[in-house]
């Protein structure tokens, strides 16, 4: 039997009391996502279908910062970004600054498969969502209590003082952040795929485009080398073209997936102050998690019977 496997992440970053109190809920959410995607692989389905299903599960879970439960920006609104990558054809699809779309990663796939483009944003993406009849939800669907708390705290600091006061408050606010979500998979036919979705960061500027939707940064897949989904501080991940960087290290330096992830995080980015997390898989179903943060919600399930879920 040919090997197949699925791995997911629910974000990398600092720890928080909220995360500690909700560990079981997070673990169940990761397990549900794994089961949703793995079932497809087990039945002979595609890696692309599997990563979409896994990420959809996480987008629908209010504990995770993607889809429902998205962070609230400085205008008091949610804005989501997502990308998906097909390693068989080196195809990609992405959407940015999307509102009211229940599952942004599915809209990204529609962009990949139904248009000649890779990337749609803002009103164009929303118009396209209406055109393809993507499931939509009202604004209230996406807003959760813990994201409201984070927004109100940041807003209060912004109104009460200077930029310096806000900057001093943001580290406390950031500790409430629950992270981008993503998935990578290898199917029975040897195809790789990756998908990533995010609700951004608390009190970010309206219109900010995060790393998750950027091809070669949030998601990348090439059947010859690997599929990668990233998480952490978007600006750090963007600076290092993170997901493609892993594939390039494998191709140009002939490193293994583990060696490539170790080199990027431990050597190339050793002085990077931002949190960086990598979820990856190679054509041999080898799954590698690598992160420099206090925690990374993660899990994997493979055809050899292995299954794991972890936060720390």
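The values are calculated or read from the model by the stated rules, or taken from the named source; none is laboratory data. Since the structure is predicted, the reported quantities are computational estimates derived from the model, not experimental observations. Positions of Cβ are backbone-derived with ideal geometry, glycine not excepted, and every protein chain shown enters the neighbour counts.
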Give the range 15-24 a look and list any residue that's loosely packed, with under 14 Cβ neighbours inside 10 Å and part of a helix (DSSP H, G or I), or say none.
17, 20, 21, 23, 24
Report, by residue number, each residue of the range 248-259 that is in contact with a helix residue (DSSP H, G or I) (Cβ under 8 Å, 6 or more places away or on another chain) and either within 27 Å of residue 200 (Cα to Cα) or surrounded by fewer than 17 Cβ atoms within 10 Å (Cβ to Cβ) (or both).
253, 256, 259
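So which residues in the range 217-228 are touching a strand residue (DSSP E or B) at 6+ places or on another chain (Cβ under 8 Å) and part of a loop (DSSP other than H, G, I, E, B), if there are any at all?
Taking the range 217-228 and keeping what is touching a strand residue (DSSP E or B) at 6+ places or on another chain (Cβ under 8 Å), we get 217-223, 226-228.
Selection gives 217, 218, 223.
Look through 156, 185, 140 and report the one residue that is at pLDDT 70 or above and in contact with a strand residue (DSSP E or B) (Cβ under 6 Å, 6 or more places away or on another chain). It would help to see each step written out before you state the result.
Numbers: 156 fails: in contact with a strand residue (DSSP E or B) (Cβ under 6 Å, 6 or more places away or on another chain); 140 fails: in contact with a strand residue (DSSP E or B) (Cβ under 6 Å, 6 or more places away or on another chain).
Checking each option against the conditions leaves just 185.
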Taking the range 203-216 and keeping only residues that are crowded, with 24+ Cβ neighbours inside 10 Å and either outside any loop (DSSP other than H, G, I, E, B) or at pLDDT below 95 (or both), one is left with 203, 210, 211, 212, 213
I'd like to check which strands (runs of 3 or more DSSP E) are fully inside the range 33-124 and have at least 3 residues that are closer than 21 Å to residue 298 by Cα and modelled with pLDDT of 95 or more.
80-86
Among (1) in a loop (DSSP other than H, G, I, E, B); (2) under 17 Å from the mean Cα position of the chain (by Cα); (3) on the phi < 0 side of the Ramachandran plot, which single condition is residue 12 missing?
(1)
Of the conditions (1) buried (at least 24 other Cβ atoms within 10 Å of the Cβ); (2) more than 17 Å from residue 231 (Cα to Cα), residue 104 fails just one. Which one is it?
(2)
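Does residue 299 satisfy the criteria of being buried (at least 23 other Cβ atoms within 10 Å of the Cβ) and in contact (Cβ under 8 Å) with a residue 12 or more places away in the chain? Show your work before the answer.
Values: buried (at least 23 other Cβ atoms within 10 Å of the Cβ): yes; in contact (Cβ under 8 Å) with a residue 12 or more places away in the chain: yes.
Considered against the rule, which asks whether it is buried (at least 23 other Cβ atoms within 10 Å of the Cβ) and in contact (Cβ under 8 Å) with a residue 12 or more places away in the chain, residue 299 comes out as yes.
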